[in-house]
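Peer 1: Here's a structure for you.
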Amino acid sequence: MYTFVLRDRNSSVYAEVGKMLISTGQWRRLRRDNPRFNLMLGERNKLPFGTLGHEPGLAQLVNYYRGADKLCRKASLVKLIKSIPELESCCWFPESYVIYPTGLQTTAIPLQNGLTVQRKNVRTDDREVFLASYHKRQENAKRNVWVAKSSAGAKGAGIFISSDANELLDFIDTQGQVHVIQKYLERPLLLEPGHRKFDIRSWVLLDHQYNIYLYKEGVLRTSSDPYNSTDFQDKTSHLTNHCIQKEFSKNYGKYEEGNEMFFEEFNQYLMNTHNVSLENSILPQIKQIIRSCLMSIECAIGTKLLPYHSFQLFGFDFMVDEDLKVWLIEVNGAPACAQKLYAELCQGIVDVAISCVFPLSETTQKPSAQSVFIKLGS
């Protein structure tokens, strides 16, 4: 009998994985503070990595890789790409800069009387480099719209789009946290009917041996309203986040149920409108970007030499321009899942990432669902 603890009450994905493990009859759930577990389904930012793998006689597996935030925070991703030669010259990541608010305060060392003093943040950022690039584009009459995004933001929060550099920097200076300024994709591929923007979410599973698997299904998160290249404050035109669309657009759900289009329908759309298939045009680019990103940090986060093992589910978010070129927008380290895909995706996690470390007996072993994940080769 294997044992697991579930410490993340907010993850519907891992709640479902836990139910699937119990249903096999070979897994038992322990109290969340019990250290004698085989598997920890924990909360990303509250994992006791330092104590894992030290329980006598127990192999231990955890559902996150320590250090994977190098990819999963926007500012860290920009810094990573600029610091690794093989990524720095990549043509699939928009021009991006890390900006700190000029008035950002950081807590200094506590004083002897128990008080703390605040000092201005002295970290240098890319502000001047961004301005130089911005003015050069202006001089050359190039498209010059940018988007400012909070490094830790989610669900469309902390985003501002503008063609005015001063507006962008002023916005960041009022936010009190680090942001990324990124070149806005001004000529995106649009969906008809409706002339609408979309982005693509792909789920990626990294197993304990650092094998990379792409979930066979993906989802387009679509806008409800026409793309408006003259009004960048029109949220539902430019931001495809579900929460933005659902709250602000009266057309939410008009074109696709829940503003979601899945790969089979998208493939048919590409065949009808562009005479290309998803498999031959967009997916090869997605696979190459995923591999490049994850392989670039293997030495930093791999667990092959550690006393415990890790696996992790990532959400890679992409956009496609009018030339069918794929651009990486960001990486989510704890992605949610489209409702209709939960059962299949979670069963795939059990089969590919967990049962390969803790195999089930033949009497309860279900037919392998590994086919729902595509292993990305070297």
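Peer 1: To the nearest 10 degrees, how steep is helix 12-23 against the longest Cα principal axis of the chain, on a 0 to 90 scale?
Peer 2: It works out to around 20 degrees.
Peer 1: For residue 190, what is the net charge nearby, where nearby means another residue's Cβ is under 11 Å from its Cβ and Lys, Arg count +1, Asp, Glu -1?
Peer 2: 0
Peer 1: Taking square-rooted eigenvalues a ≥ b ≥ c of the alpha carbon gyration tensor, is the stretch 15-111 rounded, prolate or oblate, where a/c under 1.5 means rounded and, failing that, a/b exceeding b/c means prolate?
Peer 2: In terms of gyration-tensor shape, prolate.
Peer 1: On to the next question. Using a ≥ b ≥ c from the Cα gyration tensor of the stretch 290-355 (square roots of the eigenvalues), is it rounded, prolate or oblate, where a/c under 1.5 gives rounded and otherwise the larger of a/b and b/c decides, a/b for prolate?
Peer 2: Since a/c reaches 1.5 but b/c is at least a/b, the shape of the stretch 290-355 is classed as oblate.
Peer 1: Give me the percent of the accessible area of the chain that comes from carbon and sulfur atoms, probe 1.4 Å, all protein chains in place.
Peer 2: On the chain, the fraction of accessible area on carbon and sulfur atoms equals 50 percent.
Peer 1: Which distance in nm do the two modelled labels at residue 323 and residue 216 give, with both placed 7 Å along the Cα-to-Cβ direction?
Peer 2: 3.3 nm
Peer 1: Sticking with this structure for a sec: Within the chain, what percent of beta bridges assigned by DSSP are antiparallel, to the nearest 5?
Peer 2: 80 percent
Peer 1: Count charges around residue 41 for me, please; just the other residues with Cβ under 13 Å from its Cβ, Lys/Arg as +1, Asp/Glu as -1.
Peer 2: +4
Peer 1: For a test of the definition: using alpha carbon positions, the gyration tensor, and the 1.5 limit on a/c, classify the chain as rounded, prolate or oblate.
Peer 2: oblate
Peer 1: Find the accessible area per residue for the chain; the probe is 1.4 Å, ligands and nucleic acids are left out, and the unit is Å².
Peer 2: Dividing the accessible area of the chain by its residue count gives 49 Å².
Peer 1: Another question about this same structure. Give the relative contact order (percent, whole number) for the chain; include only Cα pairs under 8 Å separated by 6+ residues.
Peer 2: 20 percent
Peer 1: Suppose R0 equals 56 Å; then what is the FRET efficiency for residue 343 and residue 139 from their Cβ-Cβ distance, rounded to the nearest 0.05?
Peer 2: That gives a FRET efficiency of 0.55.
Peer 1: Using label points projected 7 Å from each Cα along Cα→Cβ, tell me how many nm separate residue 304 and residue 79, to one decimal.
Peer 2: Taking the simple label geometry, residue 304 and residue 79 are separated by 2.7 nm.
Peer 1: Residues of the stretch 194-237 with the amide nitrogen closer than 20 Å to a label point 7 Å from the Cα of residue 254, along Cα-to-Cβ, please.
Peer 2: Counting backbone N atoms under 20 Å from the label point, the list is 194-199, 220-237.
Peer 1: Label points 7 Å out from Cα along the Cβ direction at residue 59 and residue 44: separation in nm?
Peer 2: Spacing of the two 7 Å Cα→Cβ label points: 2.7 nm.
Peer 1: Also: Each residue of the stretch 192-208 in order: what ³J(HN,Hα) in whole Hz does its phi give by Karplus 6.51 cos²θ - 1.76 cosθ + 1.60, θ = phi - 60°, with x for Gly and Pro?
Peer 2: For the stretch 192-208, the Karplus-derived couplings read 10, x, x, 6, 10, 6, 7, 10, 10, 9, 10, 9, 10, 10, 10, 8, 5 Hz, x marking Gly and Pro.
Peer 1: Using a 10 Å cut-off on Cβ atoms, rank the peptides 126-137, 47-58 from the highest mean neighbour count down.
Peer 2: Put in order of decreasing packing, that is 126-137, 47-58.
Peer 1: If you don't mind, there's one more thing I want to ask. Around residue 281, what is the net charge, scoring Lys/Arg as +1 and Asp/Glu as -1 over all other residues with Cβ under 11 Å from its Cβ?
Peer 2: Neighbour charge sum, excluding residue 281 itself: -1.
The values are calculated or read from the model by the stated rules, or taken from the named source; none is laboratory data. Computed from a prediction, not measured in an experiment: that's the story for all the values here. Virtual Cβ from ideal backbone geometry, glycine too; neighbours counted across all protein chains shown. Heads up: the accessible areas ignore ligands, DNA and RNA and are worked out on the full protein's heavy atoms, side chains in. Shrake-Rupley method; radii C 1.70, N 1.55, O 1.52, S 1.80 Å.
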